[in-house]
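Student: Next up is a structure, given as structure tokens.
Readers should treat all values here as calculations from the given coordinates under stated rules, not as data from a laboratory. Given the structure is predicted, the values throughout are model-derived calculations rather than measurements. Here the Cβ positions follow ideal geometry from the backbone for every residue, glycine too, while neighbour counts run over all protein chains shown.
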Amino acid sequence: GVDPLDVAVDSDGNLYIAEGLRVRKVDAAGRISTIQTQTQLLRALNTLTVDSGGALYVGDRGAVWRRSPAGELKRIIGGGAVLPAGEPVPAADVSLGYVRDVVVDRDGNVYALAENAGPEYVVLRLGKERMVSVYAGGGWQHGANRSGYLPTAVRIEHVGSPQLPSISIDFDGQ
């Protein structure tokens, strides 16, 4: 068997499992199916999440993908050569390392935790205007216990296993 990399549950009670090079779906009746297999598009599945409308988001090596409830797969971040720094850039122009986590807030903004360089991570935000900006990380200030700095001034590094980093959104979308 293959060890699951991530799991997500939608509002209908379906369980999605990132397993090796595919996404498996376990429906509310317990039936298992493969809904997305490794293709030339997806390169290395790392994380997945489901939004309130039932769309599945998959993070892999170099991109964030959105699979609509109808099954259409579309790259929404990545594929370019630009690493966002100051000003927002078009989503298709962004260059990503491994995407370690993806979350979607109630307004439909997508946040991706991606490797930036070495042990550093950056949280990118994709807004409805299809522009990507650095939401947190990418800065020079070390440590999670710093206060008084803008989120983009903080340097995010993994501690321990590189398989553990994650991000989350609270009930207020923060």
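Student: Rounded, prolate or oblate: which fits segment 12-109 when a ≥ b ≥ c are the square roots of the eigenvalues of the alpha-carbon gyration tensor, with rounded for a/c under 1.5 and prolate only if a/b beats b/c?
Tutor: prolate
Student: Under a 5 Å amide H to amide H cut-off, with H placed in plane at 1.01 Å, what residues pair with G97 once short-range neighbours are removed?
Tutor: It is E115, by chain and number.
Student: Same structure, new question: Quick one: which of 90-97, 79-86, 4-11 comes out on top by average Cβ neighbours within 10 Å, and what's the full order, highest first? Let's see the in-between values first.
Tutor: Details: 90-97: 18.8, 79-86: 14.0, 4-11: 15.6.
Peptide ranking by packing, descending: 90-97, 4-11, 79-86.
Student: If packing is taken as the average count of other Cβ atoms within 10 Å, what order do 120-127, 14-21 fall into, highest mean first?
Tutor: Averaged packing, sorted descending, gives the order 120-127, 14-21.
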